[in-house]
Each structure stands twice: as structure tokens, then as C-alpha cells.
Amino acid sequence: MANVIIVGAQWGDEGKGKVVDIYTEYANDVVRYQGGNNAGHTLVVGNEKTVLHLIPSGILHEGKRCIIGNGVVLDPKVILEEIDKLKKKGYLKNDSQLVIDANVHIIMPYHKAIDIARESNSGSRKIGTTGRGIGPTYEDKIGRRGIRFIDLLRPEIFARKVKELLPEKNFILEKMLGCAALDEQALIDEYVAYGQQLGKYLGSSSKLLNQSIKEKKNILFEGAQGSLLDVDHGTYPYVTSSSTIAGGACTGSGVGPRFIDAVVGISKAYVTRVGEGPFPTELTDEMGEKLRQAGQEFGATTGRPRRCGWFDAGALREAVRTNGLTGLAITKMDVLNDLETIKICTAYSYRGEMLEDFPQDLEVLKECKPVYEEIDGWNCELSGATSFETLPQKAQDYLRKLEQVTGCPVVLVSIGPRRSETIQIINPFN
Ligand code: IMP
């Protein structure tokens with residue numbers, strides 16, 4: 001038995017969906033534990049592309065149970081659309097394959113309206129959020145005025161809560177943010193109807209997972225976003241509003257830390273970031289554009305072009321430490337196929353001083369210049385490789401270099417979008 005957490009080791013979009021999809025083979029339960037539909041996983045099965053924002057990608061595997069843990073924030077309209085899309089494609093034949101925890105917080109229309117209005121009103125201080133209402137929903141959760149999934153299933157309680165909360169939200173929307181107020185009854189009617197459709201998925205993430213642990217079944221915890229977007233450990237305030245690091249898997253699902261056996265960090269062979277915030281290795285030149293085009297670096301959720309740059313070892317070491325990573329999965333190696341040389345940032349220069357660690361202080365980080373080590377590219381296709389040893393020598397050298405500068409072993413390498421284009425070096429479930 002093994003329980004494995006998958007986390008993004010950078011600023012999100014590391015290709016977690018594909019790795020989760022592969023690891024799902026070894027798991028009985030797949031759990032999302034934080035974030036909401038700000039995430040987006042593009043999965044390629046055969047020649048078919050499926051984009052999922054909320055439902056764990058394990059849903060594409062028959063017989064695997066997918067759980068939306070208590071730490072997630074849920075937009076009921078979005079999950080209903082996803083369920084519909086999956087059913088039309090022949091997935092989710094059995095409704096018991098999907099469980100939504102009773103304590104999941106609901107993203108309400110005012111959360112989305114506030115998120116979007118605040119961003120458009122904040123000029124140079126904007127975060128570059130996905131506009132999905134994530135931050136305002138977590139604010140209400142921590143402020144103890146949130147609405148949970150269980151409330152949505154009890155029309156009278158739901159209506160009472162909306163009636164209590166909406167005057168304040170409408171005041172903020174109208175008087176402070178210059179937006180239209182929301183209609184109370186229309187909101188109640190719309191959301192009660194969503195609740196009626198989603199009721200059959202109600203369950204307890206903590207109870208089900210701990211029962212699985214007793215039965216010695218395997219659990220895969222699927223993190224969303226990335227470690228540098230963690231609300232505590234990321235590049236605050238340019239972060240998302242949840243605990244994206246491995247620790248979040250325990251609070252966000254109701255499983256104790258002693259049951260976690262491995263933590264795999266997913267990292268691209270280079271770096272991308274969407275939204276605002278410091279990014280020391282960002283390439284704003286032709287090379288950045290080349291990576292963007294070769295890696296098709298456009299957001300799965302918002303379609304925004306992603307900022308691209310060289311691999312940042314200091315940032316990765318940060319993720320190794322805060323997550324306690326036991327292994328790294330390196331994705332999108334093939335994007336670097338036709339490069340003569342590849343750069344890796346191993347330290348930072350700050351006002352003439354050399355810094356080894358990724359600075360915690362945003363004011364310092366903003367001024368840091370990357371210090372690069374240049375290594376030879378492999379400059380050829382990787383498509384025929386089926387094991388670490390059959391990769392071109394220079395690609396092997398690049399991976400060994402990443403292990404050396406991050407202090408973490410590489411357990412998986414992805415050399416293309418298909419399931420078959422994956423090299424497993426160590427299986428974390430064994
Ligand atoms: P929010 O999560 O919508 O509040 O956005 C906060 C920050 O996190 C912004 O910089 C977003 O671009 C970023 N972000 C949120 N979700 C993702 C994701 O799934 N991938 C990459 N960046 C994300």
C-alpha cells in the first residue's frame with residue numbers, strides 16, 4: 001500500500017494532469033484537496049483531448065473513485081458542465097465514481113464578481129487572477145461566512161444564509177466596486193437547482209479515505225497550481241489563496257500526515273508562469289517566444305499566453321524543502337529538443353551579492369538576476385526513448401544535472417503529451 005501526493009513544484013501548469021493520469025493506474029482513489037476551477041488539466045487519451053478544471057483526471061479510468069476533498073472550492077455550475085461533458089464522452093457511467101465532500105466551500109456569483117472587479121480596479125497592484133472567484137471564496141471560508149456543499153443541499157438553510165450574506169456583498173459590489181447588485185431570489189433559485197442535481201455525489205472525504213487506508217488501498221492526492229503559488233510559502237501576494245504544497249493534502253482531505261508515503265513534485269524542464277509576480281529566469285526575448293510556441297504555453301483555463309523562462313534550480317529547491325519531495329517528475333523535455341545549449345539558473349545576483357537560495361523577500365526577489373550554468377542541448381528527437389538509458393546521452397546529462405542542483409531524484413520523465421511518451425524511472429507506489 002502507498003499513498004502518494006502529487007504537487008506542482010513551480011508556478012502551476014507543470015503538466016500534473018498527465019502524471020496524475022499515469023499514476024492513477026496504481027491508485028484506487030484520486031483526491032483533489034485544494035483550489036477550484038482556477039486549475040485546468042489538458043489530458044490526451046488516444047487522439048482525444050479532454051480539459052478538466054475540477055474533477056480529478058482519474059475520472060477517465062473506469063473503477064477509480066474520484067473525490068473532491070473538503071479543501072476545494074467548488075463552482076457548482078462548472079462541475080455540472082464537466083459532469084455533462086464527461087458523460088457525453090462515455091465516462092462517469094457510475095455516479096458513485098465521484099464524491100464531493102460536504103464541507104467543500106461553494107463559489108458564489110458574488111465571489112466571481114468581486115474577484116473580477118477588484119482585479120480590474122487595482123491597476124498595477126493586480127495579481128492576475130483567473131477571475132474564477134477563488135480568493136473571495138477562501139476569504140469567506142476563513143472569515144467563517146462561507147456556504148458549504150451541505151448547505152447547498154438544504155434549500156431553507158441555503159436561502160437563509162444567502163439572505164444574511166447578500167446585503168453586505170451587494171453593498172461591496174455596488175458602493176465600493178461599481179458593479180451591479182445581484183438579485184437574491186434569482187441567485188437562490190439557480191443554486192438550489194444546482195444542489196438538486198449534485199446531491200447524489202455527497203460524501204465524506206475523510207471517512208472514505210481513511211476507510212481506504214484501513215483496507216490497504218492506494219490513494220493519489222492530486223495537487224493543483226504550484227508550490228510557488230502557495231498562500232504561505234509562495235511569492236506572496238502573487239499567489240493563489242490555498243495551500244498548494246503537500247501539507248495541504250492532509251488538511252484538504254482529512255487524512256493524517258503519517259499515512260503519506262511519497263511526495264512527487266512535477267516540474268517542467270523549463271519554467272512558466274501566468275499572472276503577475278516576480279520570475280527571475282523569465283525570457284522576454286525570442287527564446288521565450290520559442291519556448292511558448294514549442295510548448296504551446298497558453299493557459300488551459302484562461303487561454304492567456306504563459307511567461308516562459310529557463311529552469312530555476314533555486315525555486316525548485318524551495319519546492320523540494322516545503323513539500324518534502326521524495327521525487328521529481330520532469331515534464332515537457334521534448335520542448336527543448338532543438339536547442340544547441342540550455343541554461344539552468346543555479347544562483348541569483350542581488351546588488352552585487354551572490355545568493356544561493358530563492359529569496360523569500362519579494363523586494364529582494366524582484367531585483368534578483370539569474371546566474372546561469374550553460375549545458376549542451378541534445379538537439380534531436382526523444383520520441384523513440386522508452387527508458388532513461390535509451391534517452392540521448394545529453395538528455396540523460398541534463399536530467400542528472402537537474403537532480404544535482406535540486407537535490408532530488410528524477411522518478412519520471414515526460415517526452416511528449418501522450419501516455420506512451422513517458423519514462424518511469426522509479427514508481428512511487430512501490
Ligand atoms: P487565482 O487562483 O485565480 O486567485 O489566481 C492567483 C494567481 O494564481 C494568478 O497569478 C493565477 O494566474 C495563478 N493561478 C491560479 N491557478 C493557476 C493554475 O492552475 N496554473 C497556473 N497559475 C494559476
By how many degrees, between 0 and 90 and to the nearest 10, does the Cα long axis of helix 155-171 differ from the longest principal axis of the chain? 70 degrees
With a cap of 10 neighbouring Cβ atoms within 10 Å, and only residues DSSP puts in a loop, list the trypsin sites (Lys or Arg not before Pro) found in segment 216-258. Lys216
Comparing Leu173, Leu153, Leu339 in a Gaussian network model of the chain (Cα, 10 Å), the one with the largest mean-square fluctuation is Leu339
Under the Karplus curve 6.51 cos²θ - 1.76 cosθ + 1.60, θ = phi - 60°, whole-Hz ³J(HN,Hα) for segment 13-20, x wherever Gly or Pro sits: 6, 7, x, 5, x, 5, 5, 4
Inter-probe distance in nm under a simple model that places probes 7 Å from Cα toward Cβ, at Asp285 and Ser120: 3.8 nm
Once label points are set 7 Å from the Cα along Cα→Cβ at both Arg321 and Met176, what is their separation, rounded to one decimal in nm? 3.6 nm
Take every DSSP beta bridge with both residues inside the chain and express the antiparallel ones as a percent of the total, to the nearest 5. 40 percent
Please give the contour-minus-distance gain from Gln396 to Glu184: 0.36 nm per residue of separation, less the Cα-Cα distance, rounded to one decimal in nm. 70.3 nm
Counting only residues 5 or more apart in sequence or on a different chain, those whose built amide H sits under 5 Å from that of Phe298 are Arg306
For segment 105-200, the accessible surface attributable to carbon and sulfur atoms (probe 1.4 angstrom, ligands and nucleic acids excluded) amounts in percent to 52 percent
If amide hydrogens are placed 1.01 Å from N in the peptide plane, which non-local residues have theirs closer than 5 Å to the one on Val371? Thr346, Ala347, Tyr348, Ser349
With R₀ set to 35 angstrom, the calculated FRET efficiency between the beta-carbons of Gln293 and Met354, to the nearest 0.05, is 0.55
Taking R0 as 35 Å, what's the FRET efficiency between Ile425 and Glu381 from their Cβ-Cβ distance, rounded to 0.05? 0.95
Note: segment 105-200 at 20 °C, 1.002 mPa s; Kirkwood Rh on alpha carbon pairs; Stokes-Einstein D in µm²/s works out to 155 µm²/s
Which order do the peptides 350-358, 227-235 come out in when sorted by mean C-beta neighbours inside 10 angstrom, highest first? 227-235, 350-358
In degrees rounded to 10, the 0-90 angle between helix 205-214 Cα long axis and the longest Cα principal axis of the chain is 60 degrees
Let's test the formula: R0 of 22 Å, r as the Cβ-Cβ distance of Leu202 and Thr42. What FRET efficiency results, to the nearest 0.05? 0.15
Two-site label geometry, Phe259 and Thr302: point separation in nm, points 7 Å out along Cα→Cβ: 3.5 nm
Enumerate the residues in segment 304-327 having an amide nitrogen under 18 Å from the point lying 7 Å beyond the Cα of Phe388 toward its Cβ. 325-327
What is the helix-to-structure angle for 109-121, meaning the angle in degrees between its Cα long axis and the longest Cα principal axis of the chain, kept from 0 to 90 and rounded to the nearest 10? 50 degrees
Based on the mean of other Cβ atoms within 10 Å per residue, sort peptides 93-103, 160-170 so the most packed one is first. 93-103, 160-170
Pulled fully out, how much extra length does the chain show between Ser96 and Lys77, if you take 0.36 nm times their separation in residues and subtract their Cα-Cα distance? 4.9 nm
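The values are calculated or read from the model by the stated rules, or taken from the named source; none is laboratory data. In this text the structure is predicted, and so the values were computed from the model without any measurement. Virtual Cβ from ideal backbone geometry, glycine too; neighbours counted across all protein chains shown. These area figures cover heavy atoms from the full protein model, side chains too; ligands, DNA and RNA do not enter into them. Shrake-Rupley method; radii C 1.70, N 1.55, O 1.52, S 1.80 Å.
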